[in-house]
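Every read-out reported here was derived from the displayed coordinates using simple, explicitly stated rules and does not represent laboratory data. Since the structure is predicted, the reported quantities are computational estimates derived from the model, not experimental observations. In this analysis, Cβ positions are derived from the backbone assuming ideal geometry, glycine residues included, and neighbour counts consider all displayed protein chains.
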Amino acid sequence: MRGTMNRAAAGRIGAHVRWGQTPDRRAATEPARRAATAKWLVEVRAEFPDLDLPTLTRLAESRRRAHMTRIAQLPRQRRTKG
């Protein structure tokens, strides 16, 4: 990395540049959302192969929300450890 810019700052700048050039954010992130949904469905379907799709989808969404809640707690855990 050049100069004194750290990686986090460089990443934030890159993200702002990227989104500053993207008029439709929803369309730009659609492939990633589809892939994430598929990942959670595969995980739930492996555990509950006989359930119907609406039920699998509901379970997958709950697992996704649990995952995001865990991620959201990481900064707090880091602050209290330091």
Are any residues in the stretch 39-55 over 19 Å from the mean Cα position of the chain (by Cα) and assigned to a helix (DSSP H, G or I), and if so, which ones?
45, 46, 47, 53, 54, 55
If you go through 36, 28, the only one that is in a helix (DSSP H, G or I), surrounded by 10 or more Cβ atoms within 10 Å (Cβ to Cβ) and in contact with a Ser or Thr (Cβ under 7 Å, 6 or more places away or on another chain) is 28
Give all pairs with beta carbons closer than 8 Å in which a residue from the stretch 54-78 that is under 12 Å from residue 37 (Cβ atoms) meets a residue that is among the hydroxyl-bearing types (Ser, Thr, Tyr); count only pairs at least 6 apart in sequence or on separate chains.
60/37; 64/37
